[in-house]
Amino acid sequence: MDREEIKLIIQEELKDNPDLSNAHGVELDNCLIEPTLQTYLNSFHDNKEVKLWTVLEETEDGNGYKIVYDPKDNLFGLGMKSNKDELIFIGYYGTFVETLKGM
């Protein structure tokens, strides 16, 4: 899976949800980023490293929630940066839209 395929998945979901919003007031035009493969610590598996695609940053400084994509499981989930500047994976939510609503 490459970044273009991931972007297509997100675009298809957003096409079906034109009035999408969430409790955090995320503006998709500003928060969606070019999918970037990054290493996260999996909080459910003894902080084992896992490679996930970061597709959304809640804040420009990177300190808010992140939406990530796992191509192995074909699921989106949430991540965040720890107080030690480590990327932490905090769980799967399903589709991109379900994850955005779960923020």
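The values are calculated or read from the model by the stated rules, or taken from the named source; none is laboratory data. The structure displayed is predicted, hence computed values, not measured ones. Every residue, glycine among them, receives a Cβ derived from its backbone with ideal geometry; neighbour counts consider all protein chains shown.
If you filter the stretch 48-74 down to residues that are touching a residue at least 40 places away in the same chain (Cβ under 8 Å) and surrounded by fewer than 18 Cβ atoms within 10 Å (Cβ to Cβ), you find that the one that is farthest from Ile9 (Cα to Cα) is Gly64.
Against the condition aromatic (Phe, Trp, Tyr) and at pLDDT 95 or above, how does Tyr69 come out, does it pass? In short, yes.
Residues in the stretch 43-56 that are modelled with pLDDT under 95 and within 22 Å of Asp29 (Cβ to Cβ): there are none. Which count do you get for residues in the stretch 57-66 that are of a type in the set (Gly, Ala, Ser) and at pLDDT 95 or above? Qualifying residue count for the region: 0.
For Leu20, state whether it is closer than 20 Å to Gly102 by Cβ and in contact (Cβ under 8 Å) with a residue 60 or more places away in the chain. Outline the logic, then answer.
Working: closer than 20 Å to Gly102 by Cβ: yes; in contact (Cβ under 8 Å) with a residue 60 or more places away in the chain: yes.
In short, yes.
Can we say Val97 is hydrophobic (A, V, I, L, M, F, W, C) and within 10 Å of the chain's Cα centre (by Cα)? No, not satisfied. Apart from one condition, Leu28 fits all of (1) under 20 Å from Asp2 (Cα atoms); (2) at pLDDT below 90; (3) among the hydrophobic types (A, V, I, L, M, F, W, C); the exception is (1).
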